[in-house]
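S.K.: Please find one structure pasted underneath; my questions will follow.
The values are calculated or read from the model by the stated rules, or taken from the named source; none is laboratory data. All values reported here derive from a predicted model rather than from experimental measurement. Methodologically, a virtual Cβ is constructed for each residue, glycine included, from the backbone with ideal geometry; neighbour enumeration extends over all protein chains shown. Just so you know, the surface numbers come from the protein's heavy atoms only, side chains and all, with ligands and any DNA or RNA stripped out. Shrake-Rupley method; radii C 1.70, N 1.55, O 1.52, S 1.80 Å.
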Amino acid sequence: MPRLCLILFGPPGSGKGTQAKLLRQSLGIAHISTGDMLRERVASGDGLGQEAASIMQSGGLVPDEMVNRMVEDRIEQPDCEKGFILDGFPRTVSQARLLAELLKSKGINPLVMHLKVDYNVIVSRLSGRRQCPTCGALYSVTSNAPTVSEVCDYDGSKLVIRDDDRPEVVRERLRAYERQTEPVLEFLKGAGYAFGEVEGADASPQVIAGRIETWIRGQKGTQEEAGQGR
Ligand code: AMP
């Protein structure tokens, strides 16, 4: 059976990370977040991490070769055997081309889910976002607050504001999205992959994840039927 690859596509703050964390549990597949991987590299302090750190702090995108290499290695890991969710990748047309080749060579036909969120909602979401430095759980002070203010529900750690969620960096990240990432949407639509869209802000994260899962199950059925017909 082909491995499931779900590409979660959307602007910063559209809920990709939150959805990926919910879906990886319900679907039992791996979660690949290039942002998390890069933050780990930065924390480890190696040369690559240092190069990435200044770019990330300014809100720009790190070079394609660096991210492409990371993703190529990551999807070979054993936990990706059943399938994987891509969160924050591809973010440029060049990354999308590489991914298309990679998946084709593995016989994987990805599903693309576009999380649509209004620009003003994104800005207010990013400025109210909090993250647990220990387990990575994401919260929003307005729409998905922890039970105790500023404290992680899962491990009690004090929540932090990511450096790149500061207003001036948020503006630059959204500019990078418009210039470099939005064109990827047309590429993915044109690639003939199953393509779905959900409103990313009109319900709780759990309800939105449920909608995405229902859509995925429908697509998987279609893909498996197509596979049997070959
Ligand atoms: P994220 O956590 O997905 O919002 O990513 C945080 C930052 O990491 C971005 O603002 C970029 O600087 C960098 N980054 C993450 N994924 C990519 C990617 N696919 N290509 C280039 N830069 C990335």
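S.K.: What number of residues within region 10-22 satisfy the criterion of being away from the ligand (no atom under 11 Å from the Cβ) and touching a Leu at 6+ places or on another chain (Cβ under 7 Å)? Steps first, answer last, please.
M.R.: Looking only at region 10-22, we keep the residues that are away from the ligand (no atom under 11 Å from the Cβ), and these are 15, 18-19, 21-22.
Checking the rest, the ones that are also touching a Leu at 6+ places or on another chain (Cβ under 7 Å) come to 15, 18-19.
Residues in region 10-22 being away from the ligand (no atom under 11 Å from the Cβ) and touching a Leu at 6+ places or on another chain (Cβ under 7 Å): 3 in total.
S.K.: Does any residue in region 139-163 that is touching a residue at least 60 places away in the same chain (Cβ under 8 Å) and among the charged types (D, E, K, R) come within less than 9 Å, Cβ to Cβ, of a residue that is within 16 Å of the ligand (Cβ to nearest atom) and open to solvent by 80 Å² or more (accessible area, probe 1.4 Å) six or more places away or on a different chain, and which pairs are these?
M.R.: ASP163/GLN57
S.K.: Another question, then. From the list ARG69, ARG125, ARG130, which residue is modelled with pLDDT under 90 and either within 21 Å of ARG3 (Cβ to Cβ) or of a type in the set (Lys, Arg) (or both)?
M.R.: Values: ARG69 fails: modelled with pLDDT under 90; ARG130 fails: modelled with pLDDT under 90.
So the residue among ARG69, ARG125, ARG130 that is modelled with pLDDT under 90 and either within 21 Å of ARG3 (Cβ to Cβ) or of a type in the set (Lys, Arg) (or both) is ARG125.
S.K.: Looking only at region 149-160, decide whether some residue is over 18 Å from VAL117 (Cβ atoms) and within 14 Å of the ligand (Cβ to nearest atom). Reasoning before the result, please.
M.R.: The initial filter retains those residues of region 149-160 that are over 18 Å from VAL117 (Cβ atoms), namely 149-160.
Narrowing further to those that are within 14 Å of the ligand (Cβ to nearest atom): 160.
Taking every residue of region 149-160 in turn, at least one turns out to be over 18 Å from VAL117 (Cβ atoms) and within 14 Å of the ligand (Cβ to nearest atom).
S.K.: Hey, another quick one. For region 195-230, which positions are at pLDDT 90 or above and over 30 Å from VAL141 (Cα atoms)?
M.R.: Within region 195-230, PHE195, ARG217, GLY218 qualify.
S.K.: Can you list residue pairs whose Cβ atoms sit under 8 Å apart, with the first residue in region 102-117 being open to solvent by 60 Å² or more (accessible area, probe 1.4 Å) and the second being in a helix (DSSP H, G or I)? Count only pairs 6 or more apart in sequence or on different chains.
M.R.: As it stands, the answer is ASN109/LEU103; ASN109/GLN223, since those pairs meet every condition given.
S.K.: Does LEU22 fit the bill of being surrounded by fewer than 22 Cβ atoms within 10 Å (Cβ to Cβ), in contact (Cβ under 8 Å) with a residue 12 or more places away in the chain and touching a Pro at 6+ places or on another chain (Cβ under 9 Å)? Steps first, answer last, please.
M.R.: Working: surrounded by fewer than 22 Cβ atoms within 10 Å (Cβ to Cβ): yes; in contact (Cβ under 8 Å) with a residue 12 or more places away in the chain: yes; touching a Pro at 6+ places or on another chain (Cβ under 9 Å): yes.
Yes, satisfied.
S.K.: Something else now. Count, please, the residues in region 186-217 that happen to be assigned to a helix (DSSP H, G or I), open to solvent by 20 Å² or more (accessible area, probe 1.4 Å) and touching a strand residue (DSSP E or B) at 6+ places or on another chain (Cβ under 9 Å). Break it down stepwise before answering.
M.R.: Here is the first cut: in region 186-217, the residues assigned to a helix (DSSP H, G or I) are 186-190, 205-217.
Now narrow it down to the ones that are open to solvent by 20 Å² or more (accessible area, probe 1.4 Å): 186-187, 189-190, 205-207, 210-211, 213-215, 217.
Within this subset, residues satisfying the condition of being touching a strand residue (DSSP E or B) at 6+ places or on another chain (Cβ under 9 Å) are 189, 205, 211, 215.
Here the count works out to 4.
S.K.: Could you check region 80-95 and list, in sequence order, the residues that are farther than 23 Å from PRO183 by Cα and either within 6 Å of the ligand (Cβ to nearest atom) or open to solvent by 40 Å² or more (accessible area, probe 1.4 Å) (or both)?
M.R.: GLU81, LYS82
S.K.: May I ask you to verify whether GLN57 is in contact with a helix residue (DSSP H, G or I) (Cβ under 9 Å, 6 or more places away or on another chain), more than 10 Å from the ligand (Cβ to nearest atom) and more than 17 Å from ASP79 (Cα to Cα)? Even if it seems obvious, please write down each step before you answer.
M.R.: On the way: in contact with a helix residue (DSSP H, G or I) (Cβ under 9 Å, 6 or more places away or on another chain): yes; more than 10 Å from the ligand (Cβ to nearest atom): no; more than 17 Å from ASP79 (Cα to Cα): yes.
No; evaluated as a whole, the condition is false for this residue.
S.K.: Turning to a different aspect of this structure: Inspect all residues belonging to region 162-176 and state whether any of them is of a type in the set (A, V, I, L, M), more than 16 Å from the ligand (Cβ to nearest atom) and either assigned to a strand (DSSP E or B) or over 17 Å from the mean Cα position of the chain (by Cα) (or both). Before the answer, list the steps.
M.R.: The initial filter retains those residues of region 162-176 that are of a type in the set (A, V, I, L, M), namely 169-170, 174, 176.
Filter again for more than 16 Å from the ligand (Cβ to nearest atom), leaving none.
No.
S.K.: Would you mind stating whether LEU38 is more than 9 Å from the ligand (Cβ to nearest atom) and within 18 Å of the chain's Cα centre (by Cα)?
M.R.: Numbers: more than 9 Å from the ligand (Cβ to nearest atom): no; within 18 Å of the chain's Cα centre (by Cα): yes.
Here the answer is no, as LEU38 does not meet what is asked.
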